[in-house]
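Reading through the structure tokens given below for one structure.
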Amino acid sequence: MNTKMIDVAGLSFSYGRKKSKVLDNFSMSLEKGSVYGLLGKNGTGKSTLLYLMAGLLRPQAGRVLYKGADITKRSPSSLQDMFLVPEEFALPNVSLKQYVKLNAPFYPHFSHELLNACLRDFDMNEDIHLGELSMGQKKKAFMCFALATNTSLLMMDEPSNGLDIPSKSQFRKVIASGMTDEKSVIISTHQVRDIDSLLDHVLIMDGTQLLLNQSVASICERLYFAEQGMNEPTHDALYVQPSLQGNSVILPNTYHEDSKLNLEVLFNATLAERVKIQQMFNL
């Protein structure tokens, strides 16, 4: 059974001939049935990668295959089965009902039931007028439409920006409730604390390669995340980050103990102690 959804191979891209490459010989693959967190510093190509995977940009080299089809050909069968929520977007000055009427037909698996359930979770309804909403409300309405398209692949760029704390909690709920074994979600974000409990898989990139590409289960099997007092010894730690309580530490999970993934600390550790972290996964 083929579980691969997207295959990115040897991808290179720049925004002009004289510009430096944003992505250079970049490769990765994504499987069905997972929520992926795509992390990286500013300028490392996260948004560009999403646009390339959505077929909105064309690579100078390499390829993106979506379920085996070349996405640069922008075939209807591929485009109707994926949806991208960009970090910044504009919505027309129409009611949500009218927006749905105009755009839902492009997505054959669109679910009005899923749309209304998502709107209820955000304390909204289909009678809202998009032109009268705040930016945060527009983001929630657009995310509800995106989830209702019921596509196999949903890509979201900084989806929690502009959301208040209760809405961030609801965002995690609606993403989790819409998941199936046939779907995948990719969330590119700097707001790592908003999504760490939602992820199945972590991708940390630097533009030319993936520094880390591991499932959350594999990460927690090999690494132990803990909070320690300021005076507790840290000589065995792979990484130490000062915290309000003392130190947030990552240790080798020598005794196979359970710990909760601290995505912020893992991200900082991967950038600061790349070799140490990668050695834990035999990379």
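Just so you know, all these numbers are worked out from the coordinates, no wet-lab data involved. Owing to the predicted nature of the structure, the values given are computational and were not obtained by experimental measurement. Note that each Cβ is placed from the backbone with ideal geometry, even for glycine, and that neighbours are counted across all protein chains shown.
Taking only Cα atoms of the stretch 1-151, what ratio of Rg to Rh do you get with Rh as the Kirkwood inverse-distance radius?
Here Rg/Rh amounts to 1.00.
On average over all directions, what projected area in square nanometres does the stretch 216-279 have, based on the convex hull of its Cα atoms?
That works out to 4.2 nm².
Which order do the peptides 53-64, 119-130 take when ranked by the mean count of other beta-carbon atoms within 10 Å per residue, highest first?
Put in order of decreasing packing, that is 53-64, 119-130.
Label Ala217 and Arg17 with points 7 Å out from Cα along Cα→Cβ: what is the distance between them in nm?
Modelled inter-label distance: 5.0 nm.
Taking 0.36 nm per residue of separation and subtracting the Cα-Cα distance, what length does fully extending Ser111 through Lys41 add?
Separation in residues times 0.36 nm, less the Cα-Cα distance, equals 21.6 nm.
Between Gln191 and Leu91, what is the label-point separation in nm under the 7 Å Cα-to-beta-carbon projection?
With each label point 7 Å from Cα toward Cβ, the separation is 1.6 nm.
Which order results if Cys220, Cys118 are arranged by neighbouring Cβ count within 10 Å, fewest first?
Ascending number of Cβ neighbours within 10 Å: Cys220, Cys118.
Taking the Cβ-Cβ separation of Glu227 and Val275 as r and a Förster radius of 30 Å, what is the calculated FRET efficiency to the nearest 0.05?
For Glu227 and Val275, the calculated efficiency is 0.75.
Between Gln209 and Met135, what length in nm is gained on full extension when 0.36 nm per residue of separation is reduced by their alpha carbon distance?
23.3 nm
How big is the dipole moment of the chain about its Cα centre under a simple scheme where the beta carbon of each Lys and Arg is +1, that of each Asp and Glu is -1, and everything else is neutral? Debye, nearest 20, please.
Here the size comes out at about 1180 debye.
What spacing in nm lies between the two simple spin-label points modelled at His235 and Asp181, each 7 Å away from Cα in the Cβ direction?
Between His235 and Asp181, the simple spin-label model gives 5.0 nm.
Based on the Kirkwood radius over alpha-carbon pairs, what is the Stokes-Einstein translational diffusion coefficient of the chain at 4 °C with 1.567 mPa s viscosity, in µm²/s?
D = 64 µm²/s.
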